[in-house]
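Chemist: The structure's right below; bear with me while I get my questions together.
Bear in mind that the values in this text are calculations on the coordinates, not laboratory data. All of these numbers come straight from a predicted model, not from anything done at the bench. Virtual Cβ from ideal backbone geometry, glycine too; neighbours counted across all protein chains shown.
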Amino acid sequence: MKIITTIKELQSELAIQKKSGKTVGFVPTMGYLHEGHLTLIKHARHENDLVVLSIFVNPIQFGPKEDLSTYPRDFERDRALAECENVDYLFYPSVEEMYPNKITVQAAVQQRTDVLCGKSRPGHFDGVATVITKLFNIVMPTKAYFGKKDAQQVAVIDGVIADFNFPIELVAVDTVRESDGLAKSSRNVNLQPEERKQAPVLFKSLKAAKAAINQGERNPDNIVSAIKEMISKESNGYIDYVEIYSYPELQPVERISGRVIIALAVKFTKVRLIDNLVINLDLEED
């Protein structure tokens, strides 16, 4: 595995590899790798000749009151994990390398951002779309891998690829969970012990919602109310939102049908957790 810290060197390395026809799988992350990230890497390793992993905590997607300074970081641990997964190139740029000058052009996401996490994090997805556009232009992979846990991010990146005509295949990989159902996240380390015991109720409530839908419930308000009641009863977390939309369009639905996402966010003392289920009533769960 080769560690690269500059854009120029990575582009040069990949240009040589691509000339011989090699495919490139790209896994962009903000580091502090967990099993969810490793699953993405495994998918990329299986489907491509080369795997590029990036680790970059992107400052422009954090709001002024968000957790940029406390976001967990451990490069040596990440490096060892990436090496174990046979990553070919670990791209680890500094903020100065990615943003050497004041930004003159930044992406402004027009759709799929005024709901869910985007509603309470203005500008967040503009920052995500900007850094992803930069990374795509730097790596220009064959396939890019993202976890379904961040379903709104996947929807936004789907739009970036389509609107900017990137010749890149987006691969959305199922959420990786702890044995008790909690979605794996770098931020889980910030849960207090009692909160960690309560956190699995997020997925438990989503599974209960899915069961209700399978039994014929089609009123989104009833599903949302049931989820909120369960979370309030079984945790001390503050419910940021519980919402149901069409997916990936993220448009409101008056009746549950077709492909929908049931998504939620719950704030604990030092961390805000998100989770979701995407259900396709025309087929099986997606």
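Chemist: Give me the compactness ratio for the range 76-216, meaning the Cα radius of gyration over 2.2 N^0.38 Å.
Modeler: 1.25
Chemist: Straight-line reach from residue 184: which lysines have Cα under 20 Å away, leaving out those fewer than 8 places along the same chain?
Modeler: Cα-Cα hits under 20 Å: 42, 148, 149, 197, 204, 207, 267, 270.
Chemist: Where the convex hull is taken over the Cα atoms of the range 12-53, what is its projected area averaged over directions, in nm²?
Modeler: So the Cα hull casts an average projection of 3.1 nm².
Chemist: Determine the principal axes of the Cα atoms in the range 89-169, then give the extent along each, sorted from largest to smallest and rounded to whole angstroms.
Modeler: 33, 30, 23
Chemist: OK, next. How high is the relative contact order of the range 190-284, in percent, with contacts defined as C-alpha pairs under 8 Å that are six or more residues apart?
Modeler: 28
Chemist: Okay, moving on. Going by how many other Cβ atoms sit within 10 Å of their own, how do 120, 69 line up, fewest first?
Modeler: 69, 120
Chemist: Counting pairs of alpha carbon atoms under 8 Å apart in space and at least six apart in sequence, what relative contact order in percent does the chain give?
Modeler: 17
Chemist: So how do 102, 19 line up by other beta-carbon neighbours within 10 Å, fewest first?
Modeler: Arranged by neighbour count, lowest to highest, 102, 19 become 102, 19.
Chemist: OK, next. Across the range 7-133, what fraction of all alpha-carbon pairs, as a whole percent, falls in each successive 5 Å bin from zero upward?
Modeler: For the range 7-133, the pair-distance distribution reads 2, 9, 17, 19, 19, 17, 11, 5, 1, 0.
Chemist: Let me ask another. Can you list residues from other chains, or at least 5 along the same chain, whose modelled amide H is less than 5 Å from the amide H of residue 147?
Modeler: 173
Chemist: Mind sorting 173, 266, 87 by how few other Cβ atoms lie within 10 Å of their own Cβ, fewest first?
Modeler: Exposure proxy ranking, most exposed first: 173, 87, 266.
Chemist: Could you list, bin by bin from short to long, the percent of Cα-Cα pairs of the chain in 10 Å steps?
Modeler: Histogram of Cα-Cα distances, whole percents per bin: 6, 27, 35, 23, 8, 1.
Chemist: Something else: Considering the alpha-carbon set of the range 186-280 alone, what are its Rg and its Dmax in angstrom?
Modeler: 13.4, 39
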